[in-house]
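Trainee: Below is a structure I'd like to ask you about.
The values are calculated or read from the model by the stated rules, or taken from the named source; none is laboratory data. Source: prediction; values computed, not measured. Every residue, glycine among them, receives a Cβ derived from its backbone with ideal geometry; neighbour counts consider all protein chains shown. These accessible areas exclude ligands, DNA and RNA; they are computed on the full protein's heavy atoms, side chains included. Shrake-Rupley method; radii C 1.70, N 1.55, O 1.52, S 1.80 Å.
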Amino acid sequence: MISKLPIFKFANVCATLVLSMGFALGTPAKAQSPVGVAAVVNDDPISIIDLVERIKLVAVSSNIQMTPEKSNEIAPQILQQLINETLQMQEAERRGIEVTDADIARGKSMIEQNAGLPDGKLDAFLEQRRIAPGTIENQIRPQVAWQKLLGSMRSQIEISDAEIDDNLERIISNQGKPRNRVQEIFLPVDNPQDSTRVYQTAQEILGALNQGADFSALARQFSASASAATGGDLGWLYAGELSGDLQQVVNQLEPGKVSAPVQTIRGYYIIKLLDRRVGDEGAVTDVRLDLYQLFVPLSADMPKDQIDAKLAVLRNTRETADSCQTLANVAVDLGSDLSGEMKGISPSELSGPVAQAITNLKPGQPSNIVQVDGGALLVMICNKTEESNLPDRRDIENRLMMERLDILARRKLRELRRQAFIDIRM
């Protein structure tokens, strides 16, 4: 059972909350945060503060320049995410599934790697951007619990040798044909009546992407596909590995471009073509980078002479640095807490400005100065490894298993929503 008040009231309330909580990132709140309930899921409330803090987290992680108007656009979708997470957590607890501190720590570490942050610096990064303590843990906890629950469902799925053989033969037969490196954001339509609402959400996400939002971060926040855990990255795909409608869209895209929402019988997809290759060389390429970033914090209220001095340090370092150790030495002298080494990073996991800065860099060569939220940085490739190989049978089995689990997960969540009492109070 679901109760819902008109959406215009929801939008007006969100705008009021955004302004009262000093939503502009880095701006102190001007008023006491209101206390209230955005929704109740069975017996568990979702507070208005929970909703606003999650919107702020989405803005920071996705590089969205948030305004009250934009927050109104994405707030209904964020609230639905929080409702789903509450249902997932309730079901996991009912089954006795526990999320440990070590699970949370691993989740934070993965986010740090995906965001290009040094180990252990996520909390400091969020604190600087005035994200309330516990917000990121509240997102990680249901994700981990749901993955554990899905793990317990693996025994219900059987992947035959014939299926693996068919997939492997198709990959081998297509080696000489174009391959596409693809990212996806998938928004399911579980009820035909929801199609218009989901399409509007897809358009809002596309609008954010067109304004510079990070595709990987939005995929992690919004996509209902199993690929969300890797920022929507599907890896290198041969012709025929995607459904016909999606394959046709990919064929028409240029590398780096994003599609309009694509409607399928399952829901809406937003597709990004990362790269395209033709020929047998490097059939499946896995590139991993060890990077060092030298970060200096900057803020709008900092005196101009201090800003100039910090940028001068970066310029001088760029002219003289010939190794990651040199950057590390400068970081020590500066006392830069957000500087550090990041190992085993995939280029697709980097934010747009950083990814662009390291394009064509050789190991030991510093990047240009990159302006980022809260400061500026230099990046250097310490080491680069690149392997070319075909997936083995276990890789194919795992991929098929994840596809089946993805279907089971959506089916289970639909079941939980049908059985739940959901009272939306905004």
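Trainee: Over the Cα atoms of the range 359-426, how large are the radius of gyration and the largest Cα-Cα distance (Dmax), in Å?
Mentor: Rg, Dmax (Cα atoms, Å): 23.1, 58.
Trainee: A further question follows. Over 19 Å between Cα atoms, which of K257/K384; K343/K384; K108/K412 qualify?
Mentor: K257/K384; K108/K412
Trainee: Using only the alpha-carbon atoms of the range 278-381 as identical scatterers, what base-10 log of I(q)/I(0) does the Debye formula give at q = 0.14, 0.20 Å⁻¹?
Mentor: Cα-only, vacuum Debye calculation for the range 278-381: -0.55, -1.01.
Trainee: Any idea what the dipole of the chain comes to, in debye rounded to 20, about its Cα centre with Lys/Arg Cβ at +1 and Asp/Glu Cβ at -1?
Mentor: 980 debye
Trainee: Can you tell me how much longer the chain between A300 and R266 gets when fully stretched, taken as 0.36 nm per residue apart minus their C-alpha distance, in nm with one decimal?
Mentor: Difference between extended and current length: 7.7 nm.
Trainee: Hey, another quick one. Is any residue of the range 141-157 close enough, with backbone N under 18 Å, to a label point placed 7 angstrom from the Cα of D101 along the Cα-Cβ axis, and if so, which?
Mentor: Once the point is set 7 Å along Cα→Cβ of D101, 141 turn out to lie under 18 Å by backbone N, inside the range 141-157.
Trainee: What order do you get for 150-159, 84-93 when each peptide is scored by the mean count of other beta carbon atoms within 10 Å, highest first?
Mentor: Peptide ranking by packing, descending: 84-93, 150-159.
Trainee: Turning to a different aspect of this structure: For the chain, return all DSSP H helices satisfying: extent of Cα atoms along own axis at least 27 Å; mean Kyte-Doolittle hydropathy at least -1.0.
Mentor: Answer set is 68-94.
Trainee: Next up: So, for the chain, what is the accessible surface per residue at a probe of 1.4 Å, expressed in square angstrom?
Mentor: Per-residue accessible area for the chain comes out at 50 Å².
Trainee: Hey, another quick one. Restricting everything to alpha-carbon atoms, can you work out Rg to Rh for the range 104-258 with a Kirkwood hydrodynamic radius?
Mentor: 1.00
Trainee: Still on this structure: Once label points are set 7 Å from the Cα along Cα→Cβ at both T320 and M153, what is their separation, rounded to one decimal in nm?
Mentor: The answer from the label model is 5.8 nm.
Trainee: Continuing with this model, one more query. Positive end of the dipole of the range 148-272, charges at C-beta (+1 Lys, Arg; -1 Asp, Glu), about the Cα centre: which of L234, N191, A217 has its Cα farthest in that direction?
Mentor: Positive-most Cα among the choices belongs to A217.
Trainee: When averaged across all projection directions, what area in nm² does the alpha-carbon convex hull of the range 64-136 cover?
Mentor: Here the figure is 6.1 nm², rounded to one decimal.
Trainee: With springs connecting C-alpha atoms under 10 Å apart, model the chain as a Gaussian network and identify which of D103, D305, D119 has the largest mean-square fluctuation.
Mentor: Of the options given, D305 has the highest mean-square fluctuation.
Trainee: How large is the helix-only mean residue ellipticity at 222 nm for the chain, computed as the sum of -39500 (n - 2.57) over DSSP H runs with n ≥ 4, divided by its residue count, in deg cm²/dmol to the nearest 500?
Mentor: The helix contribution divided over the chain gives -15500 deg cm²/dmol.
Trainee: Hey, got the dipole for the range 275-412? About the Cα centre, +1 on K and R Cβ, -1 on D and E Cβ, debye to the nearest 20?
Mentor: 460 debye
Trainee: Related question: Kirkwood hydrodynamic radius, computed over distinct alpha-carbon pairs, for the chain: how many Å, to one decimal?
Mentor: 23.3 Å
Trainee: For the chain, give me the percentage of DSSP beta bridges that are antiparallel, rounded to the nearest 5 percent.
Mentor: Approximately 95 percent, going by the DSSP bridge assignments.
Trainee: Putting +1 on Lys and Arg Cβ atoms and -1 on Asp and Glu Cβ atoms, find which of I205, A309, L298 reaches farthest to the positive end of the dipole of the range 205-335.
Mentor: I205
Trainee: Cut-off 10 angstrom, C-alpha nodes, Gaussian network model of the chain. Which of L82, L361, L149 fluctuates the most?
Mentor: L361
Trainee: Give the Rg (one decimal place) followed by the Dmax (whole number) of the range 165-218, computed from C-alpha coordinates and expressed in Å.
Mentor: Using the Cα atoms of the range 165-218, the pair Rg, Dmax is 16.9, 43 Å.
Trainee: Sticking with this one: Ignoring ligands, DNA and RNA, what percent of the accessible area of the range 51-151 is carbon or sulfur (1.4 Å)?
Mentor: 48 percent
Trainee: Ok, one more. Describe numerically, in nm with one decimal, the distance between label points set 7 Å from Cα along Cα→Cβ at S195 and at A312.
Mentor: If labels sit at S195 and A312, their model points lie 6.4 nm apart.
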